[in-house]
Amino acid sequence: MPGMDTGSFARYLGRMDRAELAEVLRVRPEVRTAPVPDGPGALAERLSGRGSLAAVRLVSRDAVAAGQAAAGLGPGATVDAVAALTGGRGEAVRSALGELRRVGVAWPDGGVVCLVPPVLARFTRATGHMEVTGPPAVELGRRGADGELRSSVQHLLRVAYALLDTSRPMVGLQRGGVGVQERQRLGAALGLDDDYLLLVLDLLFAAGLLVQVGTAFEVTARYERWRGATPAQQWAELAWAWFWLSHSPTARRSAAVSKVESPHARAARWAVLRAGRDGLSVEGVAAAAYWFCPAVHQHAVGVVREATIVGVVAGTALSVCGEALLAARDTEALAAAVAEVVVPMRCEVEVLDDLKAVVFGQLTVEAARVLEASAESLVEDGARVWRFTAASVRAAFAQGWTQESLLASLDELTRHNVPWALRALLGERGRGQVRLREVGCCVVAEADVIAEVLRLPGFAELAPTVAGSAMPTSEVVTQLRSEGFAVIDDPSSGSVVVRRPRKARVAAPVEQVEPVAVDLPDLDPDEPSTAQIVRGRNRKLSKKAVSLLAGAIDEQSDVRIDYVDGKGEASRRTITPIRWDGPFLLAWCHMREADRQFRVERIKSVSPAPSSTAEPVDSTATRAE
């Protein structure tokens, strides 16, 4: 039987030249894990492991046909015998067997085709007869112009900058990832569709630039180094992360940075790009994926979409960056290969007379710092602009900027071309009419915390991040602590610093962000209890059911509900409430394995959650239940 003599496999590997061996190791990353094979014998043993079955996903339909024929022929598996059995021409058969050799699952031994044991066993069990037909006709691709490629790469980097440089942190789900509503907010702010946003978020996470801490996303220690690198180095790290990503971000829609991974998506990515190296249309390869990568053909269309976003495909063919990605051994080599294409662009900021700033070129760290602090970010006609307002300038002053420092920074960014209207807006601080208010104590906090403090009696807004009170400092501290705020008294300045009250979670090792406040315009404004809210929205539930559901909402614990969706279909499912979302209850649905919105009035009954659930997953379910 071919494949049983691993000694001949070791001898074959020992005779391979460096380029061929490097190609095998590149597509078989599992063989390079510690302990690293120290010679041909150890490498042959590692290549003969179960990982060889995954390598078969990278080969074409002809390679599978030739491999199955070789397995059936046994010791008589010569090239001529395989050609006779599959009806293929000698050149096509040799090409198919070469694919198997290049992924490390086959080798020649005295004219006989040998297979590693796991692949031999898999091919031997295969039923039916496959023919070697040669590749289908695929037209040559149209390579996009350099300007088209640069535009794709620069847009990818700009979106990455916008997500990482923002002063407003992204809010994540408790179980990891960015939920639908937060993605909708980010997509609207940046002018992006959900697929593009999902892909960039996953790349930032995979590249080690973004990490989730509790329910918030934060930049990592690697961010400063990456942000200060050249655009070529920045792109290389994102493209490398995509190339090795084990899942397809645009193929799943529940949450970004999901822990669910599928090696099939990476195999499809590698197979489609490798097939496009000869100048073929990548779209044509994807359309004929049933031949180029039959084991993972369903992922091929998503590969083209993501490759175009990343800049690996320009037009309908592999770009210069795409070819460099396939040939590079690491991110440093990739950055060097694309340095002449992915070039830095000078950052130029132009402030128009309507107080809107437009950035041309690459947004620098300093430009992002100044604009995020003093202007409001928005999207107009698909382009990101910043608008200066009296409120945004006041917010900058509250953060510690002065009229002089802000004007100096803007002068540098605009090359001393700050329009009169913006100079006047900055100069209004300290000019014109003023109002005086006597205060006994100032409260300093984040803007959203100050908004909560202002709901208490005896406080007035002095600035977005400052509230004042005529009460003495000691009384202010007592009142705020009684309301659950964390208070730091600063007697020397006559002010106190407060932080948002947080709900302790025993199971979480990090501090959790408090859920968003309930928006209930149709109910009593005196903050009704959760049980009252549930009762107001569903008066048919029993007292026990109301108590169970309200308790689960307050504690964010599991509970089982009988639910009827908008189509009238009934189901029983276990949910973990997250927060109110307008008229909906946002919760993690264990059956759908995703966030879902539930209408309380459609809940028919409530019962304690079982200790464990094994509910089926229905991927066709809609988001609003």
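The trypsin sites (Lys or Arg not before Pro) of the stretch 35-112 that DSSP puts in a loop, and whose beta carbon has at most 15 other beta carbons within 10 Å, are Arg50, Arg89.
With a Förster radius of 30 Å applied to the beta-carbon distance between Arg15 and Arg142, the computed FRET efficiency rounds to 0.15. Stretching Trp244 away from Ala339 to a fully extended chain increases their span by 32.1 nm, per 0.36 nm per residue minus the current alpha-carbon distance. Lys543 to Val213: FRET efficiency via 1/(1 + (r/R0)^6), r the Cβ-Cβ distance, R0 45 Å, to the nearest 0.05? After rounding, the FRET efficiency stands at 0.70.
In this structure, the amide hydrogen of Val313, modeled 1.01 Å from its nitrogen in the peptide plane, lies closer than 5 angstrom to those of Thr308, Ser319, counting only residues at least 5 positions away or on a different chain. Between the beta carbons of Ala327 and Leu352, assuming R0 = 30 Å, the FRET efficiency works out to 0.10 to the nearest 0.05. The stretch between Glu376 and Phe584 holds 71.9 nm of extra length on full extension. This uses 0.36 nm per residue minus the Cα-Cα distance. If the segment from Arg26 to Leu454 were pulled out straight at 0.36 nm per residue, it would be longer than the present Cα-Cα gap by 148.1 nm. Taking 7 Å steps out from each Cα toward its Cβ at Ser607 and Arg423 produces label points 7.5 nm apart. With each label modelled as a point 7 angstrom along the Cα→C-beta vector, the Asp109-Arg394 pair spans 8.2 nm.
Laboratory data are not the source of any read-out in this text; all were calculated from the coordinates shown. Worth saying up front: this structure is predicted, and the values here are computed from it rather than measured. Here Cβ is always computed from backbone atoms with ideal geometry, including for glycine, and neighbour counts include all displayed protein chains.
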